[in-house]
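Asker: I have a structure here, written as structure tokens, and I will follow up with some questions on it.
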Amino acid sequence: MRVAIAEDSVLLREGLARLLTDGGFQVIARCESADELRREMAVELPDVAILDIRLPPTHQDEGLRAAVEIRQRHPSVAVLVLSQYLELGLAMKLLADSADGVGYLLKDRISDVDEFLTAVRRVARGGSAIDPSIVSTLLSKRRVDDPLGRLTPRERQVLELMASGHSNQGIADRLVITLRAVEKYVSTVFDKLGIPTASSQSRRVLAVLLYLRS
């Protein structure tokens with residue numbers, strides 16, 4: 001699985017490359033800016049591009065804009081955006097149209113190497129990897145008539161994991177329950193929240209995130 005990295009911090013860039021290489025990935029590009037990544041991708045496309053959300057020259061949202069551009073021009077290339085801090089507006093902009101092959105993680109998540117590599121693989125295969133802090137922030141929003149209040153604590157746990165991009169099997173593994181139990185919880189959550197059943201894992205993630213954001 002080929003990976004291209006765009007990160008202006010040389011220490012983090014090389015650290016990511018080492019982690020990915022040790023994890024079985026092939027790092028085909030190590031870039032300092034979004035423009036350099038574009039040049040590298042003109043030569044060879046990766047399976048997934050990992051970008052800092054803020055890149056030179058202005059360190060505003062160059063990485064995010066490059067990620068959106070990559071998804072538009074090269075739908076086969078997955079993107080995983082990394083951020084130092086939670087920037088909900090930018091995260092939702094990235095996920096505006098689709099959660100297929102898209103990830104948004106805080107850089108702190110890299111310290112859990114296994115979890116990080118799992119997220120990269122999931123995104124590269126067309127899934128989603130959404131930082132749990134995004135889900136927690138959206139869940140903390142209260143409404144006058146809050147349907148989230150209808151959820152049991154276990155259903156809320158399932159909702160959080162589902163919104164983060166975990167499959168039913170992944171949720172079962174995390175909560176140490178059976179797959180059938182997870183399927184029942186997911187069905188109940190969708191019914192209680194009035195969310196239509198999605199036809200794919202990533203559409204399910206997007207549906208939940210859009211619901212929580214509304």
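The values are calculated or read from the model by the stated rules, or taken from the named source; none is laboratory data. Note that the coordinates shown come from a computational prediction; the quantities given were computed from them, not determined experimentally. All Cβ positions, even for glycine, are placed from backbone atoms using ideal geometry, and neighbour counts span all protein chains on display. What goes into the accessible areas is simple: the full protein's heavy atoms, side chains included, and nothing from ligands, DNA or RNA. Shrake-Rupley method; radii C 1.70, N 1.55, O 1.52, S 1.80 Å.
Asker: Which members of segment 159-214 meet the condition of being aliphatic (A, V, I, L, M) and open to solvent by 40 Å² or more (accessible area, probe 1.4 Å)?
Answerer: Scanning segment 159-214 gives VAL176, ILE177, LEU179, LEU210.
Asker: State all residues of segment 32-57 that are open to solvent by less than 20 Å² (accessible area, probe 1.4 Å), of a type in the set (A, V, I, L, M) and in a loop (DSSP other than H, G, I, E, B); if no residue qualifies, say none.
Answerer: ILE53, LEU55
Asker: Could you list, in sequence order, the residues of segment 177-207 that are of a type in the set (Gly, Ala, Ser), in contact (Cβ under 8 Å) with a residue 24 or more places away in the chain and under 24 Å from ALA124 (Cα atoms)? Before you say what the answer is, go through the steps one by one.
Answerer: Quick first cut of segment 177-207, residues of a type in the set (Gly, Ala, Ser) only: 181, 187, 194, 198-200, 202, 207.
With the extra rule that they be in contact (Cβ under 8 Å) with a residue 24 or more places away in the chain, the set shrinks to 194, 200, 202.
Of everything in segment 177-207, those that are of a type in the set (Gly, Ala, Ser), in contact (Cβ under 8 Å) with a residue 24 or more places away in the chain and under 24 Å from ALA124 (Cα atoms) turn out to be SER200, SER202.
Asker: Within segment 90-126, can you find the residues that are part of a loop (DSSP other than H, G, I, E, B) and open to solvent by less than 10 Å² (accessible area, probe 1.4 Å)?
Answerer: LEU95, ALA99, GLY101
Asker: Scan SER76, SER83 and give me the residue that is hydroxyl-bearing (Ser, Thr, Tyr), open to solvent by less than 50 Å² (accessible area, probe 1.4 Å) and touching a residue at least 24 places away in the same chain (Cβ under 8 Å).
Answerer: SER83
Asker: Shifting gears a bit: If ARG142 meets every condition in (1) surrounded by fewer than 16 Cβ atoms within 10 Å (Cβ to Cβ); (2) modelled with pLDDT of 95 or more apart from one, which number is that one?
Answerer: Only one criterion is unmet by ARG142, namely (2).
Asker: Sticking with this one: Hey, among the residues in segment 1-24 that are β-branched (Val, Ile, Thr) and under 20 Å from GLN84 (Cα atoms), which one's surrounded by the most Cβ atoms within 10 Å (Cβ to Cβ)?
Answerer: Restricting to residues being β-branched (Val, Ile, Thr) and under 20 Å from GLN84 (Cα atoms), the top hit is ILE5.
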